[in-house]
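The structure appears right after this line, and notes come after that.
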Amino acid sequence: MPNLLSRGLFNLFFGSRRRAFASLPGPVPGILGNAGDFLGGEKPWNVCARYGREYGGVTVVWLGPKPALVLNDPTLIEQVVDSRRMEFEKGSLHEQLKPTTTEHSIFIANLNGDWATKRQQDPFVQPWSPRWLAAQVAPMQAVIAESVDALIASGKTVDLAPALRRLTFDAFAVAGTGEKTPDSVYEDFMLLAKGADARLQSNLPLRFVSLPKGFEAARERFYRYFEERLGALRRSPKPGANDLMSWMLREMPGFDDQWLARHVALMFYGGVFSSCTTLVGAFHQLQKHPGAEARLVTEAATFAGGPPTLERLNDARWVEAVTLEALRILPAVRIFIRTPVKDVQFAGVTLPAGTTLMISNQHLHRDPAHWSNPDSFEPTRWLDGGLARDPIGSGHFFPFGRGPRMCVAANFAMVFLRTAIATIAARARVQVASTEPFEEGFFFGVVLPTNVQTKFTAR
Ligand code: HEM
């Protein structure tokens, strides 16, 4: 709690603003508001969860002289992301991500601008997308197996997040283009991501945040790689090929080559970091729960013993339960930001345009009023109707967000994650050096498990 002088100064300067929010609970602000809560050592998602426990579904905090709301109430969250969504946008995300992504990105589109058109055109939600997706289990399984075997053969202890990030990138490359990219494409991808991350995490105005050395050249090369592949495919199409690029060329004739190529390139930014974080969380938890791991290994071996089809993956119910439980207990994306486009009435107060709303799933995914043993990794909760009780995108389970703007590739992510978990578990024992909670960093808007030293040994 700030000292008396600090509290008094805040009230002296900003008391009238504060009175407008008197009906909402929240921590007492000092002269810098409550910004100290977010600038100290505590992770922002843990701050949001603590507010949820201490103040309930809506908390008013002061970022300097500006109010912000932290939402932990499923009904209010539903309003912001669904029924009243046109009143809110994603704030400055567009400017932060612009140098790394391209104007084609739906992620940074404005709801009141061209978001709806972009969403409708997105390759992940076309009538043919489920057929493309069903065809990805086999090639992704093959490339994941290759990566796991290389990790086993190296005999080295590795940092799990970067190791699985590369595995994820390669699997996405196969789903997107039919084959792995050269290493240099991955390196360019990471450099561009670092540029975006610096802008996302900076407290300074963006004009003071410089991009990493070589950024422009890396950007040129990264997007050109996909354009050249697409050009080659257009000149010599591969009939019956099942990668996303081939499907788009066949099924989306009205779009130009740059549009098509960039949509494939952007899938890496959409999902590599979040998918990899989910995998790390799953294997870290599994080591703590040998019973759950043993059951997974048995089911994974059965899956690996036959043709890698989506039907057979769907039969692997424990693999799905492990995936869902990892998404519940360690969601990769824990805070989503929205800001009202103009002054709005919300939660009983008037929110000025531009007010930051922080929506977090950290508290609701572990709310003891909703979940039994909420802090425990128990995949069994997802069997026997668990997913019907708490569907993806519902009040207490929204790892992919909620409402019409929910992750456009959630289905792809689920197929990738299940294929990866089954394939890794079938081939390797993933031994993490410590089952103590890992340090959670933050990169590209996603939680980053830090320094999870791990050894892969053959099963
Ligand atoms: C475990 C994996 C993933 C997680 C946890 C995740 C999470 C999320 C979340 C929480 C949102 C909503 C953000 C908001 O409302 O502000 C979102 C949106 C989005 N995600 Fe994912 N995602 C994952 C995988 C992917 C993948 C694999 C892709 C692409 C291939 C992808 C592409 C997108 C895009 C384009 C959007 C924006 C949708 C829109 O604005 O309409 N995500 N994701």
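Per residue, the average separation of C-alpha pairs within less than 8 Å and at least 6 apart gives region 73-458 a relative contact order of 26 percent. For region 73-458, what does the alpha-carbon gyration tensor say about shape, rounded, prolate or oblate, given a ≥ b ≥ c as the root eigenvalues, a/c under 1.5 as rounded, and a/b over b/c as prolate? Rounded, because the longest to shortest axis ratio a/c is under 1.5.
Against the main long axis of the alpha-carbon atoms of the chain, helix 410-427 sits at an angle near 60°.
Stretched out straight at 0.36 nm per residue, the stretch from residue 103 to residue 142 would grow longer than its current Cα-Cα span by 10.7 nm. Per-residue Karplus couplings for region 99-105, computed as 6.51 cos²θ - 1.76 cosθ + 1.60 with θ equal to phi - 60°, are listed in order as x, 8, 8, 10, 4, 6, 5 Hz, Gly and Pro entered as x.
Helix 317-329 and the long axis of the chain differ in direction by around 30°, with both axes built from C-alpha atoms. Of all alpha-carbon pairs in region 38-82, indicate the percentage at a distance above 13 angstrom. Every Cα pair in region 38-82 considered, those over 13 Å come to 59 percent. Amide H contacts of residue 356: 69, each under 5 Å away and 5 or more positions distant or on a separate chain (H built 1.01 Å from N in the peptide plane; Pro and chain starts excluded).
Around the amide H of residue 362, modelled in the peptide plane, lies no amide H under 5 Å away from a residue 5 or more places distant or on another chain. Here residue 156 is the anchor, and the lysines within straight C-alpha reach of less than 28 Å, apart from those fewer than 8 places off in the same chain, are 180, 194, 288, 455.
If one takes the longest principal axis of the Cα atoms in the chain, at what angle in degrees, from 0 to 90 and to the nearest 10, does the Cα axis of helix 183-201 lie? With rounding to tens, the tilt is 10 degrees. Per-residue extension of 0.36 nm, minus the Cα-Cα distance of residue 7 and residue 217, leaves a gain of 70.6 nm for this segment. Can you tell me how region 268-367 classifies by the Cα gyration tensor, rounded, prolate or oblate, using a/c under 1.5 as the rounded cut? Here region 268-367 falls in the prolate category. Charged side chains reduced to their Cβ positions (Lys and Arg at +1, Asp and Glu at -1) give region 88-179 a dipole of some 120 debye around its Cα centre. Residues whose amide H comes within less than 5 Å of that of residue 448, counting only those at least five positions distant or on another chain, are 441, 442, 443 (H built at 1.01 Å from N in the peptide plane). Per-residue Karplus couplings for region 452-459, computed as 6.51 cos²θ - 1.76 cosθ + 1.60 with θ equal to phi - 60°, are listed in order as 8, 5, 9, 10, 9, 10, 5, 7 Hz, Gly and Pro entered as x. The relative contact order of region 363-431 comes to 20 percent, based on Cα pairs under 8 Å that sit 6 or more residues apart. For residue 295, what charge total do you get from the other residues with a beta carbon under 13 Å from its beta carbon, if Lys and Arg give +1 and Asp and Glu give -1? It works out to a net charge of -4.
In the chain, a dipole from Cβ-located charges (positive for Lys and Arg, negative for Asp and Glu) runs towards its positive end, and of 182, 393, 116 it is 116 whose Cα lies farthest in that direction. Ordering 266-277, 334-345, 300-311 by mean Cβ neighbour count within 10 Å, with the highest value first, yields 266-277, 334-345, 300-311. Remark: the chain carries a charge dipole of roughly 540 debye about the Cα centre, counting +1 on each Lys and Arg Cβ and -1 on each Asp and Glu Cβ. Cross-link partners for residue 342 among the aspartates and glutamates, with Cα-Cα distance under 20 Å and sequence neighbours closer than 8 places in the same chain left out: 78, 82, 87, 89, 95, 114.
A short reminder: the numbers here are calculations on the coordinates, not readings from a lab. The shown structure was predicted, so the numbers you read here are calculated from the model rather than taken from an experiment. Backbone-built Cβ (ideal geometry, glycine too); neighbour counts: all protein chains shown.
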